[in-house]
1. Check Thr100, Thr146, Thr136 and return the single one that is among the polar types (S, T, N, Q), within 25 Å of Gly213 (Cα to Cα) and touching a residue at least 60 places away in the same chain (Cβ under 8 Å).
2. Please report, ordered by residue number, the helices (runs of 4 or more DSSP H) entirely within segment 188-295 with at least 3 residues that are more than 17 Å from the chain's Cα centre (by Cα) and of a type outside the set (A, V, I, L, M, F, W, C).
3. Scan segment 320-354 for residues that are touching a residue at least 24 places away in the same chain (Cβ under 8 Å), assigned to a helix (DSSP H, G or I), touching a Leu at 6+ places or on another chain (Cβ under 8 Å) and over 12 Å from Ala51 (Cβ atoms) and jot them down.
4. Identify the single condition in (1) in contact with a strand residue (DSSP E or B) (Cβ under 6 Å, 6 or more places away or on another chain); (2) buried (at least 24 other Cβ atoms within 10 Å of the Cβ) that Asn68 does not satisfy, given that it satisfies every other one.
5. Please give the number of the condition Thr136 fails out of (1) among the hydroxyl-bearing types (Ser, Thr, Tyr); (2) part of a helix (DSSP H, G or I); (3) surrounded by fewer than 17 Cβ atoms within 10 Å (Cβ to Cβ).
6. Run Ala293 past the list (1) among the aliphatic types (A, V, I, L, M); (2) in contact (Cβ under 8 Å) with a residue 12 or more places away in the chain; (3) more than 22 Å from Val189 (Cβ to Cβ); (4) not assigned by TED's automatic domain parsing to the domain that holds Arg84 and report the number of the one that doesn't hold.
7. Only one of His306, His353 is within 24 Å of Gly64 (Cβ to Cβ), in contact with a strand residue (DSSP E or B) (Cβ under 7 Å, 6 or more places away or on another chain) and surrounded by fewer than 18 Cβ atoms within 10 Å (Cβ to Cβ). Can you tell me which?
8. Return the pairs, sorted by first residue and then second, in which the second residue is of a type in the set (Ser, Thr, Tyr) and not in a loop (DSSP other than H, G, I, E, B), the first residue lies in segment 201-225 and is outside the structural domain of Ser70 (by TED's automatic domain parsing) and surrounded by fewer than 22 Cβ atoms within 10 Å (Cβ to Cβ), the beta carbons are less than 7 Å apart, and the residues are 6+ apart or on different chains.
Amino acid sequence: MPKSGSFIRTSTALAAAAAVAALSAGGAAGAPAKSSGGALQGAGSSLVAPALAIWGPLYSEARGVTVNYSSVGSGAGIAAITARTVDFGASDAPLTPDQTTACKDCVQIPWALTATVPVFNVPGVKDIQLRLDGPTLANIFLGKITTWDAPAIKKLNAGLSLPSTKITVVHRSDGSGDSYVFTDYLSKVSPAWKKQVGSATSVDWPTGIGGKGNSGVAAAVASTPGSIGYVSDAYVLQNHLAKARLKNASGRYTLPSIKSIGEAASLVKSVPADMNVSITNPPKAASRKLRDAWPLSTFTYIIVPHTTAKAKEIKNFVSWALTHGQPPIRKYVFAPMPLVMVKAANKALAKVHS
């Protein structure tokens with residue numbers, strides 16, 4: 001049985017040895033001298049937690065600043081920065097208008113790019129063998145498709161032996177950016193899902209069992225034959241889960257990778273002032289080079305107040321994450337941030353002050 005990864009419940013110090021060893025990959029050459037020290041406290045997204053587990057020790061080594069991060073989910077991270085109990089929050093879901101008002105002059109800044117992935121535990125079916133499309137995935141999570149040998153699934157998987165095992169849906173039980181990404185995608189590909197459930201960090205799931213955090217969903221899928229869930233790609237690797245191929249708008253059954261995530265992000269040509277950019281279900285690509293775009297790709301955001309006593313420390317850390325911090329996290333399937341998003345992030349970051 002796959003084991004749930006311990007780094008998922010993260011304090012960034014847990015990855016110190018591996019991260020320091022990777023420092024050269026992070027582009028530390030030519031980095032400014034270490035600061036006089038200090039610390040930043042953050043909380044939120046479990047999707048970005050593997051990146052923070054790499055960034056924290058690297059940044060401490062490069063700049064002498066400690067970054068402590070609690071992987072509590074995007075919803076809890078938004079609540080924490082709203083209450084000002086942390087220096088920064090992290091979320092994969094852009095702030096809603098109500099959350100923006102409640103946070104009182106907060107700014108959300110994109111700083112990493114990765115993917116959410118459908119994962120499964122179906123007896124006799126191996127990793128990447130299973131094919132799904134958006135409408136079928138929506139009907140599974142709506143509870144309309146209840147066994148793995150249902151005609152709709154068999155139609156997409158000719159030649160694959162599918163058991164009559166009952167499907168157990170596994171979803172997040174906490175407020176989650178991954179849930180936002182997943183339900184945002186389902187709302188785009190299924191009118192029934194959009195009408196009945198919609199898109200948010202927390203929704204009323206029509207069926208299934210809940211798991212807390214990416215690690216909770218990963219553990220539930222790993223231990224439950226017949227299950228299907230969704231996690232960020234770093235947790236697929238850590239827990240040795242089987243992932244499904246997903247049909248995109250170009251008609252290709254694709255998989256998440258640095259390349260396919262980057263293809264989805266490359267379609268972003270401009271960034272609105274609120275930084276709310278959705279790259280789920282990217283449209284059919286005209287270029288052959290973009291036809292493998294992963295339909296559950298997502299940016300993830302750091303959330304900070306415009307006015308904060310830690311302005312200098314936050315600005316230095318985010319600037320570092322957007323540059324030196326990008327290469328070391330590729331191993332957890334974080335794709336490089338596109339230039340248009342980096343420029344927008346730096347523009348927003350410049351407005352943060354003490």
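The values are calculated or read from the model by the stated rules, or taken from the named source; none is laboratory data. Note that this is a predicted model, so its numbers are computed, not measured. Heads up, the Cβs are rebuilt from the backbone with ideal geometry, glycines too, and the neighbour counts pull from every protein chain shown.
1. Values: Thr146 fails: touching a residue at least 60 places away in the same chain (Cβ under 8 Å); Thr136 fails: touching a residue at least 60 places away in the same chain (Cβ under 8 Å).
Going through Thr100, Thr146, Thr136 in turn, just one is among the polar types (S, T, N, Q), within 25 Å of Gly213 (Cα to Cα) and touching a residue at least 60 places away in the same chain (Cβ under 8 Å): Thr100.
2. Details: elements: 191-196, 213-223, 233-239, 258-265.
Fully inside segment 188-295 and qualifying: 191-196.
3. Within segment 320-354, Met341, Ala345, Asn346 qualify.
4. The single condition Asn68 does not satisfy is (2).
5. The one condition Thr136 does not meet is (3).
6. Result: Ala293 passes all but (3).
7. Details: His306 fails: within 24 Å of Gly64 (Cβ to Cβ).
Going through His306, His353 in turn, the sole match is His353.
8. Ser202/Ser179; Val203/Ser179; Val203/Thr183; Gly208/Thr168; Ile209/Thr168; Thr224/Thr168
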